[in-house]
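Visitor: I have a structure here, written as structure tokens, and I will follow up with some questions on it.
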Amino acid sequence: MIIQDVLDLAKYSELSGVAIKDNTPAIVLFMNAAMLELHKRFPLKVEEHVIPLIEGTTTYTLPTNFLYPLEAYGEVPEVTPYAMPPRIPINEEADISSIFFPNHTQVQVPLSNDGAFISLVYAAKPPRYDENDVALELDLPETLIEPLMQYMGYKAHSGISSGVQDENNVHYQRFDRSCKKARELGVAYPLDSWSMTNRLLDRGFP
């Protein structure tokens with residue numbers, strides 16, 4: 001679905017009762033907010049970042065599109081047909097092999113060996129659109145268009161009223177239910193699902 005279709009659908013559905021429905025830049029901002037919220041709830045865009053470790057260095061910069069960590073792996077201990085990359089704990093203070101995220105731009109690796117590697121699998125941020133991108137295909141599974149619309153409606157109405165029974169809360173509740181339903185049905189994840197142990201081995205991760 002192209003972005004213009006998304007904007008038109010929002011205009012004649014969730015945004016039909018608000019004056020801002022004809023303000024394309026504002027609606028695109030709401031759409032970007034909805035995209036980010038969906039990517040926070042579902043790992044829709046998964047990427048890998050390989051970190052070459054340097055002795056004496058414990059803090060490394062994360063990719064600019066990093067949203068939150070999913071898994072981390074160390075090097076395969078032996079080159080055998082059945083060797084599996086060891087999983088590295090994340091944010092586990094009691095484990096000396098754990099890695100940590102002191103902020104959203106850095107990862108801390110307390111134990112680092114020069115020449116070693118860590119593979120960090122993470123949920124990536126969604127693309128950010130503006131009003132000039134309306135002819136582009138929206139990078140979102142169509143199974144999540146409904147909660148996208150509902151969150152856009154929530155953002156559009158949140159600037160108008162804020163009572164418990166107000167329209168913005170109704171839209172948010174619908175959004176929350178739609179996300180739960182998508183999770184129950186298993187339709188919110190990328191078709192190219194990540195089995196990282198297989199991917200790392202297939203690519204010859206050290």
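Visitor: Which value, in debye to the nearest 20, gives the size of the charge dipole of the stretch 46-125 about its Cα centre, when Lys and Arg are +1 and Asp and Glu are -1 at the Cβ?
Guide: Using Cβ point charges on Lys, Arg, Asp and Glu, the stretch 46-125 gives about 240 debye.
Visitor: Using the Cα gyration tensor of the stretch 1-138, with a ≥ b ≥ c the square roots of its eigenvalues, what is the shape: rounded (a/c below 1.5), prolate (a/b larger than b/c) or oblate (neither)?
Guide: Cα axes put the stretch 1-138 in the prolate bin.
Visitor: Continuing with this model, one more query. How large is ³J(HN,Hα) for each residue in the stretch 90-97, as worked out from phi by the Karplus curve 6.51 cos²θ - 1.76 cosθ + 1.60 (θ = phi - 60°), to whole Hz, x for Gly and Pro?
Guide: Once rounded to whole Hz, the list reads 10, 6, 10, 4, 7, 10, 5, 8.
Visitor: Still on this structure, please answer the following. Could you pull out every residue, at least 5 positions away or on a different chain, whose amide H is within less than 5 Å of the one on residue 129? Hs are placed 1.01 Å off N in the peptide plane, and Pro or chain starts have none.
Guide: none
Visitor: Considering only Cα-Cα distances, which of the following residue pairs are longer than 20 Å: 40/181; 40/180; 11/40; 40/125?
Guide: 11/40
Visitor: Now for a separate question. For the stretch 34-55 and the stretch 87-152, write down the distance between their C-alpha centroids in whole Å.
Guide: So the two Cα centres are separated by 2 Å.
Visitor: If you take the C-alpha gyration tensor of the stretch 46-125, multiply each eigenvalue by 5 and take the square root, what semi-axes do you get, largest first, in whole Å?
Guide: After diagonalising the Cα gyration tensor, the semi-axes are 20, 15, 12 Å.
Coordinate-derived values only; no laboratory data. Quantities reported herein were computed from a predicted structural model and do not represent experimental measurements. Counting neighbours? That spans all protein chains shown, and the Cβs are built from the backbone with ideal geometry, glycine included.
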